[in-house]
Amino acid sequence: MNLSIPASAATPALPADLLYGLALRPPAAHWNGLRYQGSELVSVRLDEARAMAGVVAAVQLSHFVGVVAVAPIHALQAASSLAPVWHSPDTPDMPAAPEQQTRFVWQLPRTPVPTAAQVLVWCLNDHASIWLPPCEPETQRLVRSELAALLQLPEAALHLRTAALADTAPLHLLDLLDAAADAALLSQAVGRPVSVACQACSADDQLVLHMPMASPSPSTEIQAHHGTGSTASATLLSHAPWAVRPSLARLLSQPGLARASAHASVRGAGTVQGLKSSSGPQHAGVHDLNAAQVFAHESLWHEQALAQGQDPLAWRLQHLPAGPGRDLAQQVAERAQWPASEDADGRLRGRGFATAQVQTLDADGADRLVWSAWVAEVAVHPQTGQIEVTRVAAGHDSQQLHAAQSATLHPEIRLQDPQLLADARQLLGSAPAFDDWNSPQPGSLLPHQTGLTHPASPDGRLIRQGRLDLDGVTTLPAAAAIANAIQQATGVRLREVPFQAEQLRLALGGSGSERPGAMRQRPWGWLAAGAVGAAGLAAMAWPLKPALPLTTGPDVSLYSPQALERGRLVAAAGDCVVCHTAPGGAANAGGLGLETPFGTIYSTNITPDNETGIGRWSFAAFERAMRQGIHQDGRQLYPAFPYTAFAKLSDGDLQALYGYLMSQTPVKAQAPQTQLAFPYNLRPAMAGWNALFHDATPFKADPARSPEWNRGAYLVEGAGHCAACHSPRNALGAEKTGIHYLAGGEAEGWSTPALNQLAGGKLPWSRDELYQYLRTGFSSRHGVAAGPMAPVIHGLGALPDSDLRAISTYLLELPGSTTAPATQAQPAPQAAAVAAPPAYSPHVNGERIYQNACAVCHEAGSGPTLFGVKPLLALNTNLHASSPDNLVQIILNGIQTPANDALGHMPGFRDSLDDNQILDLTTYLRERFAPEEPAWPHETKAISKLRAASHALPH
C-alpha cells in the first residue's frame, strides 16, 4: 500500500495514530560553532528498551538516542532503561580573562515555560509534514531549513503547518527547533507520526564579555564601522552558544559538520572566543550577543570620555564616522534636549547616550547597515538604589533595509514612546518574588520573549518590540544608555544587565545602617522586639477568642481573572479539595473523616454557602483561620487542618485564595461534628498548644539562597504543607523540627518516606528524577505514587514546571543533603539481572503467587501493555524500606485512582489473598528484589492490623 501525505490542506487534521517520542541528552553538548565536541555515546541498552511494553522503537544514530512509544509514560520508562554510558572528551577550559580587562555581564532571560507544547512530525515517502505551535514566520523558516538539512530532503518536500496542540506560552526558537528535530528523526525511523514535547530552559545563563580597560582608539573604531579594520580584542566567555546553532539532533546524529544558521551582526565588536554549550537547553540567540557587545562597547566609550574630562555625548559624536549613523545620533541628541528634571524629591538624576550599528541582510541576501541611537534619563533613590527610567528618546535609520523604501526617507525618532519606556524598564531587573505564581522571568528586549508590537512603520509593516523587523537594532543601545545615565547620576558603573537596585544601593552605601538616628535607636530595638513577641504569645495563649462579625460576603467581581487564577493555583498546591471532599460528596463541601491518634476529625465545608460554608466570612475571619487556626465563631481549630503551614502564605496568596474560594459554586452540606474524647475535646486547650508549637510568622525569603530555592521552600513549607505527612510528630501531635524536619512520618496508615536525605542513600534522587516524579507520579528508579501521594501529584499537575523544579531544588538542597549527579550520568541498576528468579527459592508459595498475580505487569518485556507502566520491583522504594507497611497497603488496596491516568491501575488483592499469603508474597519480594536488605519480621499481626484499619482510598 502506497501512503502519501497531502502536500497542502487548509486546516489539516492531526493524525489519529500518534506515537510519542523522547530523546536523551548527553551530559555535555559542547559546540564550537562548526562541529560537535560534546559527550560521545559509548554504549546503550537498546534491546532492553525495545522489549518493554508499549515501546515501538529504540533508535540510535551516532550519538543520538531516542525512543518511540504508544504513550508518553511508556516513552519515559523506556528512556530511563536505556542506561547510556557517555565518554566526555577532554575539552579546553574557558580561556582565562586577559589582564587589564573590564568584565561586563549580560544575563540571559529564562525561557517562559510552556504549558504542554508539542511538535508533531510525520516522515513518509521522502516527504514530511510538521505541525508546530503558533509561531512567527521567521521561526517557521528556520525550522524548515534545519529539518531539511537534518533529513537531507529538499525544503519543498517539507510541509509546515501550525496547530494549537496545547495551550502554550511563548517558546524560544531553539526549544522548538530541538523538539522538531527529535520528532523528525524518530518519525523517519518508524515511518509514523511522532509527537515530542518541547523542553524549555529552566536555568539562567549569562554572556560575559572581558573588554580592554582602555577603550578602542578613535581610528580603530572608525575603521571598524566602515568594515575595513578590526577593533581592539574583546573576549566573550559564556556557557551559552552565541548563534542560532543547529538542532541537538543534528549535532548528535551528524557530529562531523554542523555550522551555525545565524551569526553575530554587530560591527566593530571584536572577536568571540571560548564558547561552549552546557548540558541542557541553555542558549543565546544572535540578538543576545549583539546586545551584550553594544552594552560593553558603548559603556566603555562613556568611561573613556569621563577619563579624558570630556562630555560623554560630545565625545561619542566626535568619534562617530561621518555619514547616516552620526547624522541620526546628532538628531536624536538634539531632540532629547528636554528641560532638566526637578530633583526636589531627593532622587539622583542623569542622562546617558548610546548608539549601535548592525549589519543585516535584505531580501536579496545583500549586506546592509542599520543604525540606532538612544538617550535615556534615569532617577535613582540613593537610599534604596531603586532605578526609574523617566524619559527616553530613540531613533533608527532603516532606509537601506527595504528596497521599496525611498532613499530620501528620514530617520524615525520617537520621544517618550510608551513601548520604548516599557522596553527600557525591562532592563531593570528584580528577583522573582517567592509568592509569584506567574513565574515571571527577567525582562528582555528579544523578540522571542513577547508578542507586543510597535505602531506600524511608514511602509505599513509592523516593527516588533526589540527589533526592526528581523534586525535586532531598535533597542540595542538601550542598556548602555541606561548604564551611562546611572553613572552620570550616581558615579557608579553597573556592568551587569539587568540592572539590580540592590547592587546600586550597596555601592551608594544606602543600606540604612548609616541613616541619621539609626545608632540612637539600635539599643532599644531588642526591647521593642521582645515586647511585640511577648504580646503575640500572650494573645495566642489566651483561650477565649472573640467571634468575628459575619458579612454579606465579598463582591467577587472585584477580583481580576489573574487574581482568581492565582487563588486556584494556591488551592491546587494546598490540595484543599482532597481533605475537604467526602467520598461521593461535592468538591470542598467537607465531611471527610481524618483519622488521627486522638480520634476522627471531620473536614468542614469551605464552599461559599451562607449557612453551612464560609459564604459570610470576612477576609479577616478567613485570614485568622489560616494563620492562627481560629474559626470565625472563635473556636480553636485542630491542627489536622494544617494552619501551622498555611500561616506561612503571603498576604497576596491569602487574598487570592479567599477570592477563588468565594467565587466557587456554594454547596449546602453540613459536615459531621468532630467529637473527640476527653481531654482532646477541650478546644480552648489548643491555645496552649499553639503557644508551644505554632509560629504564625509568614514565610521570609533567605537572601543567601537563589530565587528558585526560596520558591521551593515557600511551596514546601507553606501551601504544600509537606511536613504534615513527612515529618514525625511528638506525643502532643506537633511536627518535630530541626534534624527531624521532613525525616519521615505517617499518613492514613501509610509510612511516608523521609524527604531530607533524598540526594543520598542507596537510591539517590537526581533533580530530573524528582521533577519527573512530581510531574507524572512515576520514577523508573523509585516507583509509582500511591496512597495519599497520588492525589498530591494530581494537585501538583496544575502547577507550572518551574514550581516543580523549585520544589526539587529545595528538597535536594536541605541541610545535610548532597546533590546527586544527573540521571543520565549514572548507569541504571542492572534491573534485568535482579529481575531473574533465583534457581531455588525457599519461599515457594510467595513465588507462585508472584508469578500468577504480579509478573504479567512487573516483569520487564512480558505481556502486552494492558495496565500502563511496568514498575520494576528491583528499583521500587517500598521493597527497600525498613517496614513492609506500604507494600502491604498496595497489595491490599491496589492503586484505584493513579496520580496520572497513563500510569494505569493496579487491582487490590484484599479479597483474593489472606494474611498468610500476603506474608509469603512480601517475604519473597523482599528476598528476590532487595536481597541486600535485612528480612522483615515474619509475622502476620501487622498485616491483619492494616487490613482492618485500611480500605480502598476514595480519591
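Under 5 Å between amide hydrogens, which residues at least 5 positions from E412 or on another chain qualify, with H placed 1.01 Å from N in the peptide plane?
H396, S398
Would you pull out the residues with amide H under 5 Å of K736's amide H, same chain only if 5 or more places away, H placed 1.01 Å from N?
Under 5 Å from the amide H of K736 lie the amide H atoms of R729, N730, each far enough along the sequence or on another chain.
So what are the three principal axis dimensions of region 708-823 from its Cα atoms, in whole Å, longest to shortest?
39, 29, 28
Please rank R103, R25, fewest neighbouring Cβ atoms within 10 Å first, as an exposure proxy.
In order of increasing Cβ crowding within 10 Å: R103, R25.
Could you put I413, I943, I387 in order, starting from the residue whose Cβ has the fewest other Cβ atoms within 10 Å?
Least crowded to most crowded, the residues run I413, I943, I387.
Given H placed on each backbone N at 1.01 Å, which residues far from T474 in sequence or on other chains put an amide H within less than 5 Å of it?
R467, L468
Among K545/K700; K668/K945; K545/K648; K648/K736; K736/K945; K700/K736, which pairs are too far apart, with a Cα-Cα distance over 29 Å?
K668/K945
When only Cα pairs under 8 Å and 6 or more residues apart are kept, what is the percent relative contact order across region 616-753?
21 percent
What is the sum of charges, Lys and Arg at +1 and Asp and Glu at -1, for the other residues whose Cβ falls under 13 Å from the Cβ of E334?
+1
What would the Debye equation give as log₁₀ I(q)/I(0) for region 645-715 at q = 0.28 Å⁻¹, counting only Cα atoms as equal point scatterers?
Per q value, in the given order, log10 I(q)/I(0) is -1.15.
Taking θ = phi - 60°, what integer Hz values does the Karplus form 6.51 cos²θ - 1.76 cosθ + 1.60 yield along region 312-323, in sequence order, with x for Gly and Pro?
For region 312-323, the Karplus-derived couplings read x, 5, 4, 4, 5, 5, 4, 9, 6, x, 4, x Hz, x marking Gly and Pro.
Got a sec? How would W131, W86 order by Cβ neighbour count within 10 Å, fewest to most?
W86, W131
In whole Hz and in residue order, list the ³J(HN,Hα) couplings for region 616-623 that follow from phi through the Karplus curve 6.51 cos²θ - 1.76 cosθ + 1.60, θ = phi - 60°; x for Gly and Pro.
Per residue, the Karplus-derived 3J(HN,Hα) values read 9, 6, 7, 5, 4, 5, 5, 5 Hz.
Taking every pair of Cα atoms in region 541-698, average 1/r, invert it to obtain the Kirkwood radius, and report Rg/Rh to two decimals.
That ratio equals 0.95.
Could you please report the charge total around L550, scoring K, R as +1 and D, E as -1 over all other residues with beta-carbon less than 14 angstrom from its beta-carbon?
Summing Lys/Arg as +1 and Asp/Glu as -1 gives -1.
What dipole magnitude, in Debye to the nearest 20, does region 708-823 give about its Cα centre under +1 on Lys/Arg Cβ and -1 on Asp/Glu Cβ?
It works out to roughly 180 debye.
Please name whichever of T612, L569, G688 sits farthest to the positive end of the charge dipole of region 541-698, dipole taken about the Cα centre and charges placed at Cβ: Lys and Arg +1, Asp and Glu -1.
The one lying farthest along the dipole's positive direction is G688.
Count charges around R25 for me, please; just the other residues with Cβ under 12 Å from its Cβ, Lys/Arg as +1, Asp/Glu as -1.
Net charge around R25: -3.
Hey, with R₀ at 45 Å, roughly what FRET efficiency would I739 and Q310 work out to, going by the Cβ-Cβ distance, to 0.05?
Efficiency, from the Cβ-Cβ distance: 0.10.
None of the figures in this text is laboratory data; all of them are computed from the coordinates on show. Everything numeric in this text was worked out from a predicted model, so none of it was measured. With ideal geometry, Cβ positions are generated from the backbone for all residues, glycine too; neighbour counts draw on all protein chains shown.
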